[in-house]
Amino acid sequence: MEAAVRTSGLRRVYARRRRDDVVALDDLSLTVDQNEIHGLLGPNGAGKTTLVKILSTVLLPSAGSASVLGHDVVSATRDVRALVGLVLGGDRGLYDRLTARRNLLFWGALYKLDARTVRDRSGALLERVGLADRADDPVERFSRGMRQRLHLARGLLHEPRLLFLDEPTSGLDPVAAAAFRRLVLDLRDEGRTFLLATHDMDEATALCDRVTLIDRGRMLLTGEPAKAGRFLGDRECVDYTDPDPALAEAVAVLPGVTDVERRDGAPGQWRVHTADRDGTRRVLAWLVDRDVLSARRGRPTLEEVYLRAVGDRGMRV
């Protein structure tokens, strides 16, 4: 089966007058399988948006190659555009004074779909995303969650096989975000592929079949979210519960312990990062000897892998 996305040695350089050029993508080789939700992770300025722009034929690569479902993004632009859909979120791509239905009719005309097809698909999509009863209301009256669902309907209007999602649940309440994710999973099961750019590690873990972490235009890792901890080698974790901070200070100086951090949630929850399995066994035995009964072995989460791979930059891009 042809890959949904394939890049090889992809490079994009932005030239700047009187300043050094900016390398947005640097020898990036990536494969996204069909019928996959693939997460694209990375800090601001990592190259995620540049990659999506190249794959959607908005931007030309400086070097290397990229293809969508076997069609080269440079030599087969028209074919690629018929296969992809963009769900950018926010206010981009929607017209507040138009109704939801008229927004879709407008975009259908841009896709050069005939009037009857646009009308039928618009009605079906508005029903599917739960906006049928608000189809004739101006978009300016819509909540953030309703706008996101309308964005998804717009992206599906020309029946693309590959969709690019950019922070699709940002700003949504938990109920709306969960409903949006379920809809994406249903669409994946129907044969569509998603490339999801997100900063939400919990969302990536719950939704994505695989993730790719890029930074400064280079790939750092790619694989299943649950196995991302392998990027850190033999490092493991021990989670335990105890209200005494002095115990955590004592654990921190044990051989094989790299650091100890307080976990969010219930009071007294701690996570111990160890350098290897021997360190993990040593910590577990030490805790049991001190009558700590709630302790278990674990692997680094996707968020922890992200933070350790990217590093602590604070607000810097």
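Only the coordinates and a few stated rules stand behind these numbers; no lab work does. These figures come from a predicted structure and were not determined experimentally. FYI the Cβ positions are ideal-geometry reconstructions off the backbone, even for glycines, and counts take in every protein chain you see.
Could you give the C-alpha radius of gyration of the stretch 25-157 expressed as a fraction of 2.2 N^0.38 Å, taking N as the number of residues it contains? The partial results should precede the final answer.
Details: Rg = 16.6 Å, N = 133, 2.2 N^0.38 = 14.1 Å.
Working it through for the stretch 25-157, the quotient is 1.18.
Once fully extended, how much extra length lies between residue 309 and residue 290, figured as 0.36 nm per residue of separation less the alpha-carbon to alpha-carbon distance?
Working: separation 19, 0.36 × 19 = 6.84 nm, distance 3.38 nm.
Contour length minus the Cα-Cα distance gives 3.5 nm.
For helix 144-156, what angle does its Cα long axis make with the longest principal axis of the chain, in degrees from 0 to 90 and rounded to 10?
60
Report the label-to-label distance for residue 209 and residue 2 in nanometres (one decimal), using points 7 Å from each Cα along the Cα→Cβ vector.
About 1.7 nm, to one decimal.
Pulled fully out, how much extra length does the chain show between residue 95 and residue 226, if you take 0.36 nm times their separation in residues and subtract their Cα-Cα distance? Don't skip to the answer; put the middle values down first.
Values: separation 131, 0.36 × 131 = 47.16 nm, distance 3.97 nm.
Once the chain is fully extended between residue 95 and residue 226, it gains 43.2 nm.
What does the net charge come to around residue 26 if you take all other residues with beta carbon closer than 12 Å to its beta carbon, with K and R at +1 and D and E at -1? Before the final figure, lay out the partial values.
Numbers: positive: 11, 12, 216, 218; negative: 21, 27, 215.
Within the 12 Å Cβ shell, the charges total +1.
Taking the Cα centroid of the stretch 13-54 and of the stretch 179-233, what is the distance between the two, rounded to the nearest whole Å?
Between the Cα centre of the stretch 13-54 and that of the stretch 179-233, the gap is 16 Å.
Report the equivalent ellipsoid semi-axes for the stretch 1-85 in whole Å, largest first, defined as the square roots of five times the eigenvalues of the gyration tensor built from alpha carbon atoms.
Semi-axes from the Cα gyration tensor: 23, 15, 11 Å.
Extending each Cα 7 Å along its Cβ direction at residue 29 and residue 297, get the distance between those two points in nm, one decimal.
Result: 3.5 nm between the two label points.
Hey, for a label at residue 106 modelled as a point 7 Å past Cα toward Cβ, could you say which residues of the stretch 136-180 have their backbone N under 11 Å away?
So the set is 139-140.
Which parts of the stretch 4-36 would a label at residue 63 reach, counting a residue when its backbone N lies under 19 Å from a point 7 Å out along Cα-to-Cβ?
7-16, 20-30
Using a 7 Å offset from the Cα along the Cα-to-Cβ direction at both residue 241 and residue 17, what is the distance between the two label points in nm, to one decimal?
6.3
Specify whether the C-alpha gyration tensor of the stretch 111-196 places it in the rounded, prolate or oblate class, a ≥ b ≥ c being the square roots of the eigenvalues: rounded for a/c under 1.5, otherwise prolate if a/b is larger than b/c and oblate if not. All intermediate terms of the calculation are to be shown ahead of the outcome.
Working: a/c = 1.84, a/b = 1.11, b/c = 1.66.
Judged from the Cα gyration tensor, the stretch 111-196 comes out oblate (a/c at least 1.5, b/c at or above a/b).
Report which label in (i) 72, 47, 32; (ii) 49, 44, 41; (iii) 74, 48, 44 holds the value of Cα extents along the principal axes in Å derived from the coordinates of this structure.
(iii)
Can you give the extra length, in nm with one decimal, that the chain gains between residue 216 and residue 202 once fully stretched, where that is 0.36 nm per residue apart less the Cα-Cα distance? Display every interim value, and only then the final one.
Working: separation 14, 0.36 × 14 = 5.04 nm, distance 2.27 nm.
Full extension of this stretch gives 2.8 nm more.
Could you sort the peptides 167-175, 141-149, 285-293 by per-residue average Cβ neighbour count (10 Å cutoff), highest mean leading?
Going from most to least packed, we get 141-149, 167-175, 285-293.
Aspartates and glutamates near residue 53 by alpha-carbon distance under 13 Å, same-chain residues fewer than 8 away left out - which ones?
Filter leaves 166.
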